[in-house]
Amino acid sequence: MKPIEHNTESIRLTSSEIGHLWNTYMLESTVHHMFSYFLQHVADVNIKEILEICVYTTNDSLGLLENTFKKAGLHTTRGTISEDVCLTAPRLFSDIFYILYLNCMAQFALTTFSTAYSQSSRDDIRQIFKDYLNKLILVNQLVTELMLKKGFYVRTPSVPTRPEMDIVTKESFLTCSLGLTEEEY
């Protein structure tokens with residue numbers, strides 16, 4: 001099926017698109033400066049490589065968002081700027097913190113951008129969030145692999161499974177789930 005083509009220049013941004021773009025700018029400007037600070041102090045070469053990718057990607061992202069705001073006739077939010085961060089400040093965090101922060105932010109951004117994608121209707125805005133998701137999937141993969149390799153990836157708990165399926169035969173099954181007794185049903 002061929003995608004419907006629209007002249008996006010003539011379609012105004014929706015409130016959710018503006019909100020998601022605004023939130024994305026706030027997020028990207030914050031993590032860009034955090035990653036830049038981390039990059040000044042990181043010792044681990046593998047973590048440094050991922051941070052370099054993230055600094056480059058977030059810088060590129062900020063330019064794209066500023067351009068999108070400008071095209072739409074909107075002001076760019078201030079966000080976090082260089083003056084808010086002292087890159088020459090002493091090291092505050094360990095390399096393990098850096099990779100854990102990368103992991104948490106990638107998970108948060110994947111959730112945020114998938115929602116933004118699904119709530120956007122303009123093709124150009126959907127493409128922005130689709131591109132972000134693709135980049136984040138790569139970062140998430142790199143971070144997860146590195147954490148597994150270094151031995152500090154925290155897996156979610158596993159649960160025991162049954163070899164066969166249970167079939168509910170009592171009609172009172174649902175009432176128990178609702179907290180009712182058989183007499184109340």
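The values are calculated or read from the model by the stated rules, or taken from the named source; none is laboratory data. Treat the numbers as computed from the prediction; the structure is a model and nothing was measured. Reconstructed Cβ throughout: ideal geometry from the backbone, glycine too, with neighbour counts over all protein chains shown.
With the structure loaded, tell me whether Phe93 is out of contact with any Pro (no Cβ under 9 Å at 6 or more places or on another chain), among the aromatic types (Phe, Trp, Tyr), closer than 24 Å to Val154 by Cα and in a helix (DSSP H, G or I) or whether it fails that test.
Here the answer is no, as Phe93 does not meet what is asked.
If I go through the stretch 75-110 residue by residue, how many of them are aromatic (Phe, Trp, Tyr), more than 18 Å from Thr57 (Cβ to Cβ) and surrounded by 14 or more Cβ atoms within 10 Å (Cβ to Cβ)?
So the count comes out to 1.
Could we say that Leu51 is crowded, with 19+ Cβ neighbours inside 10 Å and more than 22 Å from Leu100 (Cα to Cα) here?
no
Residues being in contact with a helix residue (DSSP H, G or I) (Cβ under 9 Å, 6 or more places away or on another chain), farther than 15 Å from Ile125 by Cβ and aromatic (Phe, Trp, Tyr): count how many of those fall in the stretch 12-54.
Within the stretch 12-54, residues that are in contact with a helix residue (DSSP H, G or I) (Cβ under 9 Å, 6 or more places away or on another chain), farther than 15 Å from Ile125 by Cβ and aromatic (Phe, Trp, Tyr) number 2.
I'm checking my understanding of the structure. Among residues of the stretch 54-81 that are assigned to a loop (DSSP other than H, G, I, E, B) and of a type outside the set (Ser, Thr, Tyr), which one is farthest from the chain's Cα centre (by Cα)?
Step by step, filter the stretch 54-81, then rank; the result is Gly73.
Among the residues of the stretch 7-21, is any crowded, with 16+ Cβ neighbours inside 10 Å, of a type in the set (Val, Ile, Thr) and not in a helix (DSSP H, G or I)?
Checked against the condition, which is being crowded, with 16+ Cβ neighbours inside 10 Å, of a type in the set (Val, Ile, Thr) and not in a helix (DSSP H, G or I), the stretch 7-21 yields no hits at all.
Please state which one of Thr80, Thr112 is at pLDDT below 95, of a type in the set (S, T, N, Q) and either more than 25 Å from His20 (Cα to Cα) or touching a Ser or Thr at 6+ places or on another chain (Cβ under 8 Å) (or both).
Selected residue: Thr80, the only one of Thr80, Thr112 that is at pLDDT below 95, of a type in the set (S, T, N, Q) and either more than 25 Å from His20 (Cα to Cα) or touching a Ser or Thr at 6+ places or on another chain (Cβ under 8 Å) (or both).
Is there any pair with a first residue in the stretch 71-89 that is closer than 27 Å to Thr14 by Cα and a second that is assigned to a loop (DSSP other than H, G, I, E, B) whose Cβ atoms are under 6 Å apart and which are 6 or more apart or on different chains, and what are they?
Listed pairs, sorted by first residue: Ala72/Leu13.
Somewhere in the stretch 127-136, is a residue assigned to a helix (DSSP H, G or I), out of contact with any Gly (no Cβ under 8 Å at 6 or more places or on another chain) and more than 18 Å from Leu21 (Cα to Cα)?
Checking the stretch 127-136: not a single residue is assigned to a helix (DSSP H, G or I), out of contact with any Gly (no Cβ under 8 Å at 6 or more places or on another chain) and more than 18 Å from Leu21 (Cα to Cα).
Can Tyr56 be described as out of contact with any Lys or Arg (no Cβ under 9 Å at 6 or more places or on another chain), loosely packed, with under 13 Cβ neighbours inside 10 Å and not acidic (Asp, Glu)?
yes
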